[in-house]
Amino acid sequence: MSSIVVITGANRGVGLALAEHYQQEGWKVIGVCRQSSEELERVAAKVVEGIDVTEAEGIARLAAALDGHTIDLLINNAGLLRDDVLGSIDIDSLRQQMEINAYAPLRVTEALLPLMKQGSKIANITSRMGSLADNDSGGRYGYRASKAALNAFGKSLAIDLKPRGIAVAQLHPGYVKTRMVNFGGHISPQESATGIAACIKALNVENSGGFWHSNGEQLPW
C-alpha cells in the first residue's frame, strides 16, 4: 500500500513541486488548496479544494474529507508573504499573515492528528526569516513574526508528539523562484522540493523539532 502525504497549498509553487516529487516516488498525494490547478490534478490521487485553513469550517471539512485515511506525512506548506514597512504598518496584514502562516498549520495538525500513527511525520514549511539570530536586514514584520511563531509551535509539537512516535521538522525551502517573490529566487521549486524531501527522509523522533534549510543546514533560532 502506498504511503499517504497530505500537502496544503499544493496547487502551485513549492507545494505543487512537492506533490510532483512524492507522486514520482510512488506516494499517494492528497493536495489541499483553495482552488485546484490542472498541474495538481495530474499528480494528486485526491484533491480537497475550497479549503480556507484559517477558518474552523474549512478545517472541519478537511478533516471530514480525509476521514478513513492514515496520514504518513503532513506538509503544512500554505503561506502568505506581505512586505510590511515601518511607518505604514497595517495591523490587519500582520494579523492575516499570522493566521495563515502560524495558526493555520497548528490547527490543521491538531485536526488531522487522529489520522496519524507512530512513524508519521509533520513538516512545517517555515522560513529562515523567522530566525531571530539570522535577522540582519529588518522589515517584513508580519512574515518574520508569523514564521517565528510557527517555529515555536513546531518545537512544542515535536516535544508533545515524541511519545506518540511522530516527528516534526521546521523546514526553510530556500529562496525559491515562485510567485510569492515575483519569481526572483535562486533555486527552482523542483530543487527546493528535492531538498525538503531529503530532510524529511532524514527526520526521526531523535532529531525531531529541528529547524533546517532545504540544503540540510541547521538554522539558528
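Just a few scattered comments:
- A single entry from ILE100, ILE159, ILE89, ILE75 fulfils the requirement of being part of a strand (DSSP E or B) and out of contact with any Asp or Glu (no Cβ under 9 Å at 6 or more places or on another chain): ILE75.
- Here SER3 meets the list (1) touching a residue at least 40 places away in the same chain (Cβ under 8 Å); (2) surrounded by fewer than 20 Cβ atoms within 10 Å (Cβ to Cβ); (3) over 23 Å from VAL205 (Cα atoms); (4) among the polar types (S, T, N, Q) almost entirely, failing just condition (3).
- The sole residue among GLY9, GLY15, GLY26 that is of a type in the set (Gly, Ala, Ser) and surrounded by fewer than 24 Cβ atoms within 10 Å (Cβ to Cβ) is GLY26.
- Residue tally, condition in contact (Cβ under 8 Å) with a residue 60 or more places away in the chain and either of a type in the set (Lys, Arg) or assigned to a helix (DSSP H, G or I) (or both), over segment 6-33: 10
- Residues of segment 160-175 classified as more than 12 Å from ASN204 (Cβ to Cβ), among the hydrophobic types (A, V, I, L, M, F, W, C) and crowded, with 23+ Cβ neighbours inside 10 Å, total: 1
- Residue match in segment 62-84 (condition: free of Cβ contacts under 8 Å to residues at least 40 places away in the same chain, surrounded by fewer than 18 Cβ atoms within 10 Å (Cβ to Cβ) and more than 30 Å from ASN204 (Cβ to Cβ)): yes
- So LEU132, is it out of contact with any Cys (no Cβ under 9 Å at 6 or more places or on another chain), in a loop (DSSP other than H, G, I, E, B) and among the aliphatic types (A, V, I, L, M): yes
- Residue satisfying condition, being in contact with an Asp or Glu (Cβ under 8 Å, 6 or more places away or on another chain) and under 16 Å from GLY9 (Cα atoms), within set GLY58, GLY50: GLY58
- Enumeration of residues in segment 169-212 that are at pLDDT 95 or above and of a type in the set (Val, Ile, Thr): THR194, ILE196, ILE200, VAL205
- Hits in segment 43-57 - residues which are assigned to a helix (DSSP H, G or I) and either in contact with a helix residue (DSSP H, G or I) (Cβ under 6 Å, 6 or more places away or on another chain) or of a type outside the set (A, V, I, L, M) (or both): VAL43, GLU57
- Checking each residue in segment 103-123 for being of a type in the set (A, V, I, L, M, F, W, C) and not in a helix (DSSP H, G or I) picks out MET116, ILE122, ALA123.
- In segment 90-115, the qualifying residues are those that are among the aliphatic types (A, V, I, L, M) and in contact with a helix residue (DSSP H, G or I) (Cβ under 6 Å, 6 or more places away or on another chain), and the one that is surrounded by the most Cβ atoms within 10 Å (Cβ to Cβ) is ALA102.
- Selection status of GLU99, free of Cβ contacts under 8 Å to residues at least 24 places away in the same chain, of a type outside the set (A, V, I, L, M) and under 21 Å from GLY15 (Cβ atoms): no
The values are calculated or read from the model by the stated rules, or taken from the named source; none is laboratory data. Since the model is a prediction, treat every value here as computed from it, not as a measurement. Neighbour counts are summed over all protein chains in view; Cβ atoms, including those assigned to glycine, are modelled from backbone coordinates with ideal geometry.
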